[in-house]
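The values are calculated or read from the model by the stated rules, or taken from the named source; none is laboratory data. Predicted model, so just to flag it, every value in this text is computed and none were measured. Reconstructed Cβ throughout: ideal geometry from the backbone, glycine too, with neighbour counts over all protein chains shown.
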Amino acid sequence: MSALTRLKDEAPVPSARTPQRAGGRGGLRRYKGYLWVLPALVFYVTFAILPAFHTAYLSLFDWDGVTLATWVGLENYGEVFSNPDYRNAVGHALLLVAFFSWIPILIGLLMVGLLSRHRRRGMTFYRVLFFLPQIVPLVAVGITWRWMYGDDGVVNQLLRGVGLDGFTRAWLGDFDFALPAVGLVGTWAMSGLCMMLFLSGVQKVDTSLYEAVRLDGAGAVREFVTVTLPALRGEIAVAMTVTTVAALASFDIVYVTTSGGPGSQTTVPGLLVYRLAFSEGKVGLAAAIAVVLSCLILTIVFAINRLTRTDP
Amino acid sequence: MAKTRLIRAALAAAAATAVLAACTPGSEDAGSDDSDSSDGAESVSTEVPDEDATLRLAFVDGPEMVDELIAAFEEEYPQVTIEPQFTEFTDYVASIRLNMTSDSAPDIAQFNVGAMSDLIPSGHLLNLDPYSEAYGWQESFPSVGLEQLTADETGKVYGSGSLRAVPAGMSLTGVFYNKELADEAGIEIPPATLDEFEQALEAASEAGHTPLSIGALDSGGAHMWAALLNSMMPVEDYRAWVTGEAGGSISTDEALAATEKFTEWADQGNFNDSANGTDQEASTAQFVDGRSVFLMNGNWAAAQVADEMGDNAGFFLLPGLEQDAPAVGSGFSVSYAISSQTEHPEAAAAFLDFLASPEAAEIEAHGGFLPPNVDAAPEAEGVLGDLNSEFARVVEADGLNVFPDFSAPATYDALSSGIQSLIAGRMEPQAFLDELQGIRDEHHEE
């Protein structure tokens, strides 16, 4: 996201370079650029902006999705903020951020630190390999992990294999471990994305920089901190934004693996929106949660961008 | 520049909201063409017109069964073509309401209480009373099947009012058992009372087996709880609660005793260790592998059990408290409703009528469901035979209860998560019942 902002700031502004001519034509020309954007704009407004407003509008009604809705004003929002179940769901989503975002970024940085010191052969192969989890649909990922976490699944087989019999359990059915177990699925899915981003970011770095640091007698750690890490600032911001949004808006992995159970240990806002709107016939309340969730995500993304901005 | 952009954006937003605000979501009444169909007084014909008609049928259960039913029906009425539209369960529940309220609604749709009850007050479902009278469905379908599909004008109270759908095949939950393991443990089958069943669980445990497999990761735990309610709670009380009768309550002494029994069984280790992490399919697999003596599940698991265990498996209803207690079981039908927007109501009704025929019964039994018409059920052996005879007992005693999640749309999620909490000892039985009661009351308040 911040990479995009940066690009915009640095790009020359066309209108400034075009000599301003007096009269209407110059004004027209200024708007000519918008004509090119129009198709995309229409598409975006129709399918993204308007539905968003419509959702916000729906959140002011009590509506079962079929019969006539009744206007309730901000009542749904009152319910969203007062119901402890919904607050817990937000808490779960925030915990998932650690698994979907922080751990994958750390893993990504570690891998890049190991791989970036020298040009290695077969880098493309690694990139493809790390990116694989990204191209598998999350529903398939969820189903696979549901099997792996099962009573006789791979996870328990491995534990038994190393003699940790006492530690085996049906992970997704355990009140204490279900949420971290779901989180680790996210870690697996997101780590590849982070590694991929960082690996391509590090390839931009001039190798002479590494040489210079090495001549100054720096070790691997020093090299990583002085050269690699600052160079990856933009990529880290992108990775953090994408993965944080994925964690807060998570639905598919949770839905497929636990459906929010056991109890309500793994409910997340996305799951509540789906349940309320589609199976419980409370569309207004679902819309209100969606609006609150969107605001929360926007705030956090904004904060991430502020913190990782390169230029003051 | 930045300022004008902001203003422009604000204006656009305001305009968009204004456009949206012009209409309130939802519709008052959809069945404008036949607004008088709801009084049920008009006469309808059982004659299917000779001109060609194409019906679309949206459904979720038993694709092979539906194909066969359609083929058999089309043979009888060559002028009618039925196009089946299969949707997987969760997607079906999520989309059927939008589908039925659209301009291109399917003519016939598989009925689902939770997802489709709202379509009754909105007028999107055809009131079937006139057809029921014309065809004599009260005689051709068993009353247990039809009663579940009768609802009042609000769509919230079931068991009275007008007919909304007819059954194609019934389901029933109960206990499957492994004959070899039961013999080994010295268990006598079937147990005559709930006490005897508890002793059987104990005997299984002493013999070193997991007594009872349930799949509480999805709805398997709720089936076990519902079975205990069937055994311990008076049928009238349960039905008053689940069908939405005024004053109906699940917060009763009997229901509490049943719920406490459920937690007791969990505490004593009568269920598989990881019940909360096991889905129904996996619980069936455990049972089929001989890793538990009993399995709580429904007729949908019977085909797999019969295939893999053959004569070694059987089925019985969870017994009541007394030896002569009436046979009560949980089950619902695969059933079909007609859209009020259909252009061929006669042809659609003829298809529903066809479901009562012996020919349809055979196809339904073959598809793994229990034909609503008990006498039409084809002979079967082993576990499938047990299932048929137990179902016949239930029908005889008028003991078929709908699943507990029919009490309100929000019940299902609270029920499955509450059951998981009960198993893990994280919720008090009374609190669990109070939560369910609260959800039901809120639903009926609106």
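Every residue, every condition in (1) assigned to a loop (DSSP other than H, G, I, E, B); (2) in contact (Cβ under 8 Å) with a residue 24 or more places away in the chain; (3) within 13 Å of another protein chain (Cβ to nearest Cβ); (4) more than 24 Å from A:Leu179 (Cα to Cα), yes or no:
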| site | (1), (2), (3), (4) |
| --- | --- |
| A:Pro230 | no, no, no, yes |
| A:Ile253 | no, yes, no, no |
| A:Gly263 | yes, yes, yes, no |
| A:Gly281 | yes, yes, yes, yes |
| A:Leu285 | no, yes, yes, yes |
| A:Ser294 | no, yes, no, no |
| A:Ile297 | no, yes, no, no |
| A:Ile304 | no, yes, no, yes |
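For the stretch B:243-316, please list each of the helices (runs of 4 or more DSSP H) lying entirely inside it that holds at least 2 residues being in contact with a strand residue (DSSP E or B) (Cβ under 9 Å, 6 or more places away or on another chain) and at pLDDT below 95.
So the answer is B:280-288, B:302-309.
In the list B:Asp375, B:Asp398, which residue meets the criterion of being touching a residue at least 60 places away in the same chain (Cβ under 8 Å) and surrounded by fewer than 22 Cβ atoms within 10 Å (Cβ to Cβ)?
Among B:Asp375, B:Asp398, only B:Asp398 is touching a residue at least 60 places away in the same chain (Cβ under 8 Å) and surrounded by fewer than 22 Cβ atoms within 10 Å (Cβ to Cβ).
For (1) touching a residue at least 40 places away in the same chain (Cβ under 8 Å); (2) in a helix (DSSP H, G or I), each residue gets a yes or a no:
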{"position": "A:Met196", "(1), (2)": "yes, yes"}
{"position": "A:Lys204", "(1), (2)": "no, no"}
{"position": "A:Arg214", "(1), (2)": "no, yes"}
{"position": "A:Met240", "(1), (2)": "yes, yes"}
{"position": "A:Thr243", "(1), (2)": "yes, yes"}
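Out of the residues in the stretch B:366-386 that are in contact with a strand residue (DSSP E or B) (Cβ under 8 Å, 6 or more places away or on another chain) and in a helix (DSSP H, G or I), which is farthest from B:Ala303 (Cα to Cα)?
Residue satisfying both the conditions and the ranking: B:Asp386.
Within the stretch A:70-124, can you find the residues that are outside any helix (DSSP H, G or I), in contact with a Leu (Cβ under 8 Å, 6 or more places away or on another chain) and on the phi < 0 side of the Ramachandran plot?
Answer for the stretch A:70-124, where residues must be outside any helix (DSSP H, G or I), in contact with a Leu (Cβ under 8 Å, 6 or more places away or on another chain) and on the phi < 0 side of the Ramachandran plot: A:Trp71, A:Val72, A:Leu74, A:Ser116.
Would you point out the residue of the stretch A:180-225, among those that are of a type in the set (S, T, N, Q) and under 30 Å from A:Ser264 (Cα atoms), that is surrounded by the fewest Cβ atoms within 10 Å (Cβ to Cβ)?
A:Thr187
If you take the residues in the stretch B:432-446 that are surrounded by 15 or more Cβ atoms within 10 Å (Cβ to Cβ) and not acidic (Asp, Glu), which one is farthest from B:Thr154 (Cα to Cα)?
Checked the stretch B:432-446; the qualifying residue farthest from B:Thr154 (Cα to Cα) is B:Phe432.
Go over the candidates B:Thr284, B:Thr243 one by one and state the one that is among the β-branched types (Val, Ile, Thr) and away from chain A (no Cβ under 14 Å).
Selected residue: B:Thr243, the only one of B:Thr284, B:Thr243 that is among the β-branched types (Val, Ile, Thr) and away from chain A (no Cβ under 14 Å).
Identify all residues within the stretch A:150-162 that are more than 29 Å from the chain's Cα centre (by Cα) and within 9 Å of chain B (Cβ to nearest Cβ); write none if there are none.
If the condition is that a residue be more than 29 Å from the chain's Cα centre (by Cα) and within 9 Å of chain B (Cβ to nearest Cβ), then A:Asp151, A:Asp152 are the ones that fit.
Pick from B:Ser389, B:Ser416, B:Ser421: which is among the polar types (S, T, N, Q), part of a helix (DSSP H, G or I) and more than 14 Å from chain A (Cβ to nearest Cβ)?
The conditions single out B:Ser389.
Of B:Ala258, B:Ala275, B:Ala266, which residue is over 21 Å from A:Gly261 (Cα atoms) and either facing chain A (nearest Cβ under 10 Å) or touching a residue at least 24 places away in the same chain (Cβ under 8 Å) (or both)?
Criteria check complete, one pass: B:Ala258.
Quick one: count up the residues across the stretch A:265-277 that are assigned to a helix (DSSP H, G or I) and either in contact (Cβ under 8 Å) with a residue 60 or more places away in the chain or over 21 Å from B:Thr411 (Cβ atoms) (or both).
5
For the stretch A:163-194: of the residues being more than 24 Å from the chain's Cα centre (by Cα) and part of a helix (DSSP H, G or I), which is nearest to the other protein chains (Cβ to nearest Cβ)?
Of everything passing the filter in the stretch A:163-194, A:Gly173 is nearest to the other protein chains (Cβ to nearest Cβ).
Looking at (1) over 17 Å from the mean Cα position of the chain (by Cα); (2) of a type in the set (D, E, K, R); (3) within 10 Å of another protein chain (Cβ to nearest Cβ); (4) part of a helix (DSSP H, G or I), which is the one condition that is false for B:Arg426?
Only one criterion in (1) over 17 Å from the mean Cα position of the chain (by Cα); (2) of a type in the set (D, E, K, R); (3) within 10 Å of another protein chain (Cβ to nearest Cβ); (4) part of a helix (DSSP H, G or I) is unmet by B:Arg426, namely (4).
Do we find a residue being within 14 Å of chain A (Cβ to nearest Cβ) and either touching a helix residue (DSSP H, G or I) at 6+ places or on another chain (Cβ under 7 Å) or modelled with pLDDT under 90 (or both) anywhere in the stretch B:130-145?
no
Would you check if there is a residue in the stretch B:194-206 being in contact with a Gly (Cβ under 9 Å, 6 or more places away or on another chain), assigned to a helix (DSSP H, G or I), in contact (Cβ under 8 Å) with a residue 12 or more places away in the chain and of a type in the set (A, V, I, L, M)?
Yes, that holds for at least one residue.
For B:Ala325, all conditions in the list (1) surrounded by 20 or more Cβ atoms within 10 Å (Cβ to Cβ); (2) touching a Pro at 6+ places or on another chain (Cβ under 8 Å); (3) among the aliphatic types (A, V, I, L, M) hold save one; what is the number of the exception?
Every condition holds for B:Ala325 apart from (1).
Of the conditions (1) part of a helix (DSSP H, G or I); (2) within 14 Å of another protein chain (Cβ to nearest Cβ); (3) touching a helix residue (DSSP H, G or I) at 6+ places or on another chain (Cβ under 6 Å), A:Ala52 satisfies every one except a single condition; which number is it?
(3)
Please go through the stretch A:29-74 and pick out each residue that is hydrophobic (A, V, I, L, M, F, W, C) and touching an Asp or Glu at 6+ places or on another chain (Cβ under 6 Å).
A:Val66, A:Leu68, A:Val72
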